[in-house]
Amino acid sequence: MGDTQGTGSQSVPPHVQLIQMAVASWVAATVYAAAKLGVADHLAAGPKSAVEVAGTAGVHAPSLHRLMRTLAGLGILTERDRQQLALTPLGEALKTGAAGSARATLMAFCGPAFWHSWEEFVYSLETGKTGFEKANGMPLFEYLAQHPEEASYFSEAMVGFHGAEPPAVAAAYDFSGVKTLVDVGGATGNMLAAILSHHAGPRGVLFDRPHVVRDAPALLETRGVATRVTIEPGDFFERVPTGGDAYLLSHIIHDWNEAQCLTILGHCRRAIAPDGRLLIIETVLPTGDTPHQGKVQDMVMLVVPGGQERTESEYASLLDKAGFRLRRVVPTQSVVSVVEAVPV
């Protein structure tokens, strides 16, 4: 493939643009291999050759060298004398525990379970069912419940993938009148922690399945809000906690089909006070031809969990069926908005 850096899409022939889109999967597989083998961790102390890394990593040294020089071509590593390679600033971000959780995101989204789901993309289009379940024999969240290591990667990936969103939501929406904010399906509490850190008034209830909230205490302690949060294990398909004057659903509704969404929203409707607020944090799709990452993300929702992204009118319709009225959509300085609804 030729080097097209610095050229605008208008100067690239249409057939080349399509091919570039298609072969992006090669780069994804290459970077995933680096994450899986912990290449950045092996180079954290300084430059090493593939031969030096291969023994510890348990891989074929000549093949590893080819991977590492490819990573250098991608700007993740840089080649030094005697075929030694070192991390670049981009490569530093691939280390375990680095800010942004890039390695965990790659491990979660590019591993075999997700990768094989995309092999069933056409099946999803033909049936409306998830490629994930066809490829792995069970739905996504059931799979994660049975694979705790992958579930931890997934939870960390959500923190990294949506990293800019919590502070943007906390800054854009006025939580000052909220006394108790119930974060339904709040995972490890990343969004809730950002809101409580920005607003001194509310207390929080973090509600999610037991295997999901197990990593929450450490995160909440690190963010300095542990004493303001009650962690309550449970399943939002069965119930949600009562007693909140605002209920938060951050990246929950887009994960499920309409019937499942109405079940979740129905539990919220029964729990919420007459003057309460429901706050849905999601990407709200623009109409028409406007490019938007949420439109590609909508394909992920189709193939992996079985949910969907929605436009404002689609959210209004869904909420109406659940006994809520969409009051407004509050944009943030990130890709997500706050869809505010009230019970009717």
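The values are calculated or read from the model by the stated rules, or taken from the named source; none is laboratory data. Given the structure is predicted, the values throughout are model-derived calculations rather than measurements. Neighbour counts run over all protein chains shown; Cβ positions are idealised from the backbone, glycine included. For accessibility, only protein heavy atoms count, side chains too; no ligands or nucleic acids. Shrake-Rupley method; radii C 1.70, N 1.55, O 1.52, S 1.80 Å.
GNM remark for the chain: springs join alpha carbons under 10 Å apart, and the peak mean-square fluctuation among Val31, Val300, Val330 falls on Val330. Only protein atoms count toward the accessible area here, which uses a 1.4 Å probe; on the range 22-79, the carbon and sulfur part of that area reaches 59 percent. Relative to the longest principal Cα axis of the chain, at what angle does helix 312-321 sit, 0 to 90 degrees, rounded to 10? The angle comes out at about 50 degrees.
Taking the chain as the region of interest, the number of lysine pairs whose Cα atoms are within less than 19 Å, with members eight or more places apart or on different chains, is 4.
Between the amide H of Ala44 and any residue lying 5 or more places away or on another chain, no distance stays under 5 Å, with hydrogens modeled in the peptide plane.
Nonpolar atom fraction for the range 277-323, defined as the carbon and sulfur part of the 1.4 Å probe accessible area, stands at 52 percent.
3J(HN,Hα) along the range 230-246, derived from phi through the Karplus expression 6.51 cos²θ - 1.76 cosθ + 1.60 where θ = phi - 60°, amounts to 9, 9, 10, x, x, 10, 5, 7, 10, 5, 9, x, 8, x, x, 9, 9 Hz, with x in place of Gly and Pro.
Considering only trypsin sites (Lys or Arg not before Pro) in DSSP loops that have at most 14 other Cβ atoms within 10 Å, the longest stretch of the chain without any of them is 240-344.
May I ask you to compute the full-extension gain from Arg239 to Asp174, defined as 0.36 nm times their residue separation minus their alpha-carbon distance, rounded to one decimal in nm?
On the way: separation 65, 0.36 × 65 = 23.40 nm, distance 2.68 nm.
Net length gain for the segment: 20.7 nm.
With axes computed from alpha carbons, what is the tilt in degrees of helix 258-271 against the longest principal axis of the chain, rounded to the nearest 10 within 0 to 90? The angle comes out at about 50 degrees.
Roughly how many Å² is the accessible area per residue of the chain, as a whole number, for a 1.4 Å probe?
Roughly 48 Å² per residue, with all protein chains present.
Put a dot 7 Å past the Cα of Ala29, heading toward its Cβ, do the same for Ala86, and the two dots end up 3.2 nm apart.
The Cα center of the range 317-332 and the Cα center of the range 7-49 differ in position by 39 Å.
For the chain, modelled as a GNM with alpha-carbon contacts under 10 angstrom, which of Gly186, Gly160, Gly75 fluctuates the most? Largest GNM mean-square fluctuation: Gly75.
In this view, the solvent-accessible surface of Trp118, computed with a 1.4 Å probe and all protein chains in place, comes to about 90 Å². 3J(HN,Hα) couplings calculated from phi for the range 33-49 with the Karplus curve 6.51 cos²θ - 1.76 cosθ + 1.60 (θ = phi - 60°) are, in sequence order, 4, 5, 5, 4, 7, x, 4, 5, 5, 5, 9, 4, 7, x, x, 9, 8 Hz; Gly and Pro show x. Of Val229, Val39, Val27, the residue with the greatest mean-square motion in the GNM of the chain, using alpha carbon springs below 10 Å, is Val27.
When the solvent-accessible surface of protein heavy atoms is calculated with a 1.4 angstrom probe, in what order do Ser25, Ser155, Ser11 fall, highest first? Mind showing how you got there, number by number?
Numbers: Ser25 50, Ser155 20, Ser11 80 Å².
My answer, sorted largest first, is Ser11, Ser25, Ser155.
Relative to the longest principal axis of the Cα atoms of the chain, the long axis of helix 61-73 makes an angle of roughly 70 degrees. Summarising the strand pairing of the chain, around 45 percent of its internal DSSP beta bridges are antiparallel.
The HN-Hα couplings worked out from phi for the range 109-118 by the Karplus form 6.51 cos²θ - 1.76 cosθ + 1.60 (θ = phi - 60°) are 8, 10, x, x, 4, 6, 4, 5, 4, 5 Hz, whole numbers, x standing for Gly and Pro.
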